[in-house]
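Step one of this worksheet: look at the structure below.
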Amino acid sequence: MSRYRFAIDNAQAHLRSLWLVIGLQMAVIAALCYGWSRAPDHLTVHIPPDLRSGAVQHHTAVPAASVYAFAFYIYQQLNRWPEDGSRDYGHAIFRIAPYVTPRYRAELLANLEEKGRRGELAYRVRALQGIPGFGYAENRVDILDAQTWQVWLDLELLESVKGMTVKRTRIRYPLRVVRYAVDPETNPWGLALDGFGAEGPRRLTEADLLGEGSAHAAQ
């Protein structure tokens with residue numbers, strides 16, 4: 001009789017251990033489900049353009065090439081007036097608003113008002129394009145700190161009024177770019193233009209165009 005009772009006690013103890021294991025597994029599963037639910041739905045990873053030797057990239061790091069591409073694209077959009085600057089400039093400022101800091105947006109609006117008052121926008125068509133041989137290079141992006149960069153863009157500015165070319169100039173633009181991850185829905189880059197550097201834009205000289213301009217060390 002004692003032998004059967006001992007076997008029953010062993011079976012009950014084994015069942016209790018199995019229930020304990022099941023309980024622990026359920027707790028682990030619940031913790032994993034909670035962690036999964038708290039994970040971000042979207043993760044932005046900036047991939048460097050040259051992967052010939054491989055790359056190890058943290059998801060919060062922004063390579064210089066991405067900063068340069070962002071500055072070029074957004075600034076080009078700001079200066080695209082396809083029909084009439086008196087309308088297109090304001091539309092462009094509104095369109096790129098998520099990609100500029102509030103301070104720079106205020107500067108752009110003030111510039112819009114000033115140009116309109118001086119009659120520099122009516123019927124004006126504007127475009128910016130890259131200059132062959134003056135594209136991205138490592139020395140075109142200065143890291144000012146972990147949150148701020150200065151990008152050097154050498155671009156050709158084209159302007160016309162009623163079909164007549166009034167400006168065709170090659171200019172160096174020193175643009176500040178900052179981290180600005182405040183609204184991923186409207187700004188997936190997590191970056192924003194913050195205006196010009198202390199020096200401001202300048203026309204490229206003949207020396208720049210002959211090759212010295214590919215490095216901005218002489219700035």
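Does residue 150 satisfy the criteria of being touching a Gly at 6+ places or on another chain (Cβ under 8 Å) and under 30 Å from residue 181 (Cβ atoms)? Here the answer is yes, as residue 150 does meet what is asked. Of the residues making up the stretch 152-201, those that are loosely packed, with under 13 Cβ neighbours inside 10 Å, farther than 22 Å from residue 124 by Cβ and of a type in the set (A, V, I, L, M) number 2. Screening 105, 124, 176 for residues that are more than 17 Å from the chain's Cα centre (by Cα), modelled with pLDDT of 95 or more and assigned by TED's automatic domain parsing to the domain that holds residue 91 leaves exactly one candidate, 124.
Can you tell me which of 158, 209, 121, 175 is under 27 Å from residue 63 (Cβ atoms) and of a type outside the set (Gly, Ala, Ser)?
On the way: 158 fails: under 27 Å from residue 63 (Cβ atoms); 209 fails: under 27 Å from residue 63 (Cβ atoms); 121 fails: under 27 Å from residue 63 (Cβ atoms).
Residue meeting the stated conditions: 175.
Taking first residues from the stretch 186-199 that are under 14 Å from residue 106 (Cβ atoms) and touching a residue at least 24 places away in the same chain (Cβ under 8 Å) and partners that are charged (D, E, K, R) and surrounded by fewer than 21 Cβ atoms within 10 Å (Cβ to Cβ), the Cβ contacts under 9 Å between residues at least 6 apart in sequence or on separate chains come to 192/179; 193/176; 194/103; 194/176; 195/103; 195/107; 195/176.
Residues checked against (1) within 21 Å of residue 64 (Cβ to Cβ); (2) of a type in the set (Gly, Ala, Ser); (3) outside the structural domain of residue 68 (by TED's automatic domain parsing); (4) modelled with pLDDT under 95:
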| residue | (1), (2), (3), (4) |
| --- | --- |
| 135 | yes, yes, no, yes |
| 150 | yes, no, no, no |
| 199 | yes, no, no, yes |
| 203 | no, no, no, yes |
| 206 | no, no, no, yes |
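The values are calculated or read from the model by the stated rules, or taken from the named source; none is laboratory data. Note that the structure is a prediction, hence the values are computed from the model and not measured. Reconstructed Cβ throughout: ideal geometry from the backbone, glycine too, with neighbour counts over all protein chains shown.
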